[in-house]
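Can you read through this structure? Questions will come right after.
Read the figures in this text as sums done on the coordinates, not as results from a lab. Source: prediction; values computed, not measured. Cβ sites come from the backbone with ideal geometry, for glycine too, and all protein chains shown count toward neighbours.
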Amino acid sequence: MRLLFVLGFSALCATANAEEPPKVDPPSPVPPKAYAKEARPEIRLADPNEPTGKGRFEFGSYGRVSVASDLRGGTGRSTNIVSHGPRIDEESYTEFELRREDEWSSGFHTRVVTSLALFAPFFHFSGSLDQRVGVRNLYAQASAKNWSLWAGSRMYRGDDIYLLNWWPLDNQNTMGAGGSYRIDHGQSDTTIALHAGMQRLDNAFQAQQIQSPIPFGITSMAVTVLDRPRTIETFKFTHVMRGSDARPVLGNANGGLKFIGYVEAHQLPAGSFRDTTLQQDKPLPSDWGFLVGGQVTFYTGKRDTYASLFVRHARGVAAYDPLAVPSTFAFDRTTQGTAETQVALATNIELGPITLPMAAYLRWFRDASPTETSLYKYDEGAIVARPHVFFSDHWGIAIEGSYQLRRHAFLDTKSGGPLTSSILKGGIIPFFSPAGRGTFKRPQFRLIYNVTSRNEGARSLYPQDDAFASRAVEHFLGAGAEWWFNFSSYP
């Protein structure tokens, strides 16, 4: 009993001697307005006069992938000998396009386009990770009701000839800017388009860098000593007639007509190439050229039936593709005297289960060299037809036949006449078309067999160690697919 009393008394004393906890003042009240302002930042109302937009991303693609054998244990390859041969045995290639499309309340439409290309061979064939990639489009465009403006890097093209994989009139790969204006006439319209751009190819004809010592140092750095870009301006006039406006010409109002006039101007400034071996500068004179051409297209308005005629004539440096380098020159080291004339025809007829695309062209080319005999003075041409027969809405077979010829202003010592090269090609293409009937319905899955017969003149165009130099007959057996969808980066 005494023990319990002692323990209780000790606990009471300890409690009495313990320090009181510190007093904490309550938080001062926060003004309601200040608290609300901190928790909910002020929201600025949109200016009703500020344009707003609705945008979306679009994806598109063009592609063809095939693999083939020459039936001799090697790979199949193209046998064309002219500038624009049939595409039946062409190699794989694809493009991927990503676009940003915006519609603004101000009435403008803007488009930003990025297109990347992949060139064969692909990884699964070569086993190499060094894939060749090209930027084919990287530009922005703004348009309203009747006009448009663009700037950047782009493929700037018109109509193509599918069977020859060729744009015979306007085909620019340029970094520049352009614009167009369209005049609406009701059942017809007229469009005027202008463009200017530059190209400086990475070769000794237009660009050169050398190592130059740095003052007050022991190292060197690369310095550009040759910088001569080609500047190109284009003008295109397009007039389209439809319906009742086309009736006086066509006799009916179902189809339409398209007329195109086209002009190019090319300028190449002077420069100087440094021969690092002889330590001498070789002057390169300024150069220029022009191209004029036209196109007439008739279409029925039923399926994809149409016919197009192209004509063009070029002089000087404009006779060479902007992505190509002239091979020969005049005495003054210019291309003055070079001339090229081309006439091309493309058509497609679709009736029931049968379609018939055809194409042909003639080209007369004369380089600027003063010599009368040259491999760079020649006439050439090609003709191709590929009829399709659909056994059902999705299955069919196509048969292609073509002929190519090139005649050089060069003596063939064996025949005693001009060197003449020719090949005859024939192919059969069973195909599957999920999208239905039509020459241009895609995607398309196909088997391809093509046989080429080349004459002695054609064989003489290849190096002596090339198998094509000794073989008169070539086989191509392969399988592949081709597609295009939502690919609208062309003007």
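Of the conditions (1) out of contact with any Phe, Trp or Tyr (no Cβ under 9 Å at 6 or more places or on another chain); (2) surrounded by 14 or more Cβ atoms within 10 Å (Cβ to Cβ), Phe123 satisfies every one except a single condition; which number is it?
Evaluating Phe123 over (1) out of contact with any Phe, Trp or Tyr (no Cβ under 9 Å at 6 or more places or on another chain); (2) surrounded by 14 or more Cβ atoms within 10 Å (Cβ to Cβ) leaves (2) as the failure.
Also, I was wondering about something else. Go through (1) more than 27 Å from the chain's Cα centre (by Cα); (2) in a loop (DSSP other than H, G, I, E, B); (3) farther than 30 Å from Leu362 by Cβ and name the single condition Tyr462 misses.
So the condition that Tyr462 fails would be (3).
Here is a further query. What's the number of the only condition in (1) outside any loop (DSSP other than H, G, I, E, B); (2) surrounded by 15 or more Cβ atoms within 10 Å (Cβ to Cβ); (3) in contact (Cβ under 8 Å) with a residue 24 or more places away in the chain that Ser153 fails to meet?
(3)
Pairs needed: first member in the stretch 196-213, touching a residue at least 60 places away in the same chain (Cβ under 8 Å); second member anywhere, part of a loop (DSSP other than H, G, I, E, B) and of a type in the set (A, V, I, L, M); C-beta distance under 6 Å; at least 6 residues apart or different chains.
What qualifies is Asn203/Val325; Phe205/Val325.
In addition: Which residues, counting only those in the stretch 179-188, are surrounded by 15 or more Cβ atoms within 10 Å (Cβ to Cβ) and touching a residue at least 40 places away in the same chain (Cβ under 8 Å)?
Selection gives Ser180, Gln187, Ser188.
Continuing with the same structure: Take Ala481 and decide whether it is assigned to a loop (DSSP other than H, G, I, E, B) and either under 26 Å from the mean Cα position of the chain (by Cα) or surrounded by 15 or more Cβ atoms within 10 Å (Cβ to Cβ) (or both).
Values: assigned to a loop (DSSP other than H, G, I, E, B): no; either under 26 Å from the mean Cα position of the chain (by Cα) or surrounded by 15 or more Cβ atoms within 10 Å (Cβ to Cβ) (or both): yes.
No; evaluated as a whole, the condition is false for this residue.
Filter the stretch 189-222 down to the residues that are surrounded by 18 or more Cβ atoms within 10 Å (Cβ to Cβ) and small (Gly, Ala, Ser) and list them by number.
Passing the criteria: Ala193, Gly197.
Kindly indicate whether any position in the stretch 446-469 is surrounded by 18 or more Cβ atoms within 10 Å (Cβ to Cβ), within 15 Å of Val65 (Cα to Cα) and basic (Lys, Arg).
Yes: the stretch 446-469 contains one or more residues that are surrounded by 18 or more Cβ atoms within 10 Å (Cβ to Cβ), within 15 Å of Val65 (Cα to Cα) and basic (Lys, Arg).
Could you check the stretch 203-240 and list, in sequence order, the residues that are in a strand (DSSP E or B) and closer than 21 Å to Arg157 by Cα? Spell out how you get there, then give the answer.
Initial filter on the stretch 203-240 (in a strand (DSSP E or B)): 207-213, 220-227, 230-240.
Within the stretch 203-240, Arg230, Thr231, Ile232, Glu233, Thr234, Phe235, Lys236, Phe237, Thr238, His239, Val240 meet the criteria.
Which of the numbered conditions does Ala318 fail, given that it passes all the others? Conditions: (1) assigned to a strand (DSSP E or B); (2) among the small types (Gly, Ala, Ser); (3) surrounded by 16 or more Cβ atoms within 10 Å (Cβ to Cβ); (4) under 27 Å from the mean Cα position of the chain (by Cα).
(1)
Since Ile428 meets every condition but one in (1) assigned to a strand (DSSP E or B); (2) β-branched (Val, Ile, Thr); (3) surrounded by 15 or more Cβ atoms within 10 Å (Cβ to Cβ), which condition does it not meet?
Answer for Ile428: the failing condition is (3).
Of Ile397, Ile383, which residue is touching a strand residue (DSSP E or B) at 6+ places or on another chain (Cβ under 8 Å), surrounded by fewer than 16 Cβ atoms within 10 Å (Cβ to Cβ), farther than 30 Å from Ala330 by Cβ and not aromatic (Phe, Trp, Tyr)? Before you say what the answer is, go through the steps one by one.
Details: Ile383 fails: surrounded by fewer than 16 Cβ atoms within 10 Å (Cβ to Cβ).
Answer to the selection: Ile397.
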